[in-house]
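Some notes on the structure that comes next.
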C-alpha cells in the first residue's frame, strides 16, 4: 500500500490549526493530536501548529495553509460550547462547512476536531477525559485520509 512519506519514511507534513478560544480545552485537544502524529512516526519538525483566534477563523486559516501545498493534511481543533444565544449554531455551522469546503476545494484531508458541546464538562470529557481525546482522533483520521489519497494518486500515476 502506498503511503505519504516525510523524513525517515514517516507520514508527511501536518498542519494543526488550534482555536485560542476555550484554550483550556483546545490545548488538551492539541496534545492529543501531537501525540497521534508522534505515534505515526512524525518528528516534531514535521508538525506545524497554527493558532486561530476562534473556531470561526479555523476555515480561513485552513484555506491559507492548504494553498501553500506544504501539507499532506490538516487538523482543525476547537471547542464551541453552547450558550444562551444562537451564536453557537452559527459558529458551529460555519466551522464545519468552511473546513469541509477547504478539504474539497484543495483536495487535502482536514481532520475535524472541533467539539460542539452543551457544557464545559462535555468538552473536558472529549479532550482527554472519559470520552477519549477527539484531537487524537481527528489527527488519526486526517493521517489515514492522506495516506488513502496518496495511494489513489499513485495508482492513477501508474495507470
Next item on the list: Starting from the Cα of residue 31, move 7 Å in the Cα-to-Cβ direction to define the label point; list residues of region 133-151 whose amide nitrogen is under 19 Å from there.
Entry: 133-140
Note to self: Rg and Dmax in Å for region 35-83, alpha carbons only: what are they?
What the structure shows: 12.6, 39
Check: Using the Kirkwood formula over every pair of different C-alpha atoms, what hydrodynamic radius in Å results for region 77-128?
Finding: 11.9 Å
Checklist line | Residue-span extension gain [residue 90 to residue 39] - 0.36 nm each, minus C-alpha spacing | finding: 14.9 nm
Check: Roughly speaking, what is the stretch gain from residue 151 to residue 49, that is 0.36 nm per residue apart minus the C-alpha to C-alpha distance, in nm to one decimal?
Finding: 34.1 nm
Check: By how many nm would the segment from residue 82 to residue 125 grow when fully extended, if each residue of separation counts as 0.36 nm and the alpha-carbon distance is taken off?
Finding: 13.9 nm
Margin query: Going by average Cβ density within 10 Å per residue, which order do the peptides 37-45, 65-73 take, highest to lowest?
Written below: 65-73, 37-45
Check: Hey, could you pull the Cα Rg and Dmax for region 17-142, both in Å?
Finding: 13.6, 43
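Laboratory data are not the source of any read-out in this text; all were calculated from the coordinates shown. Small disclaimer: the values here were computed from a predicted structure and weren't measured. All Cβ positions, glycine included, derive from the backbone under ideal geometry; neighbour counts span all protein chains shown.
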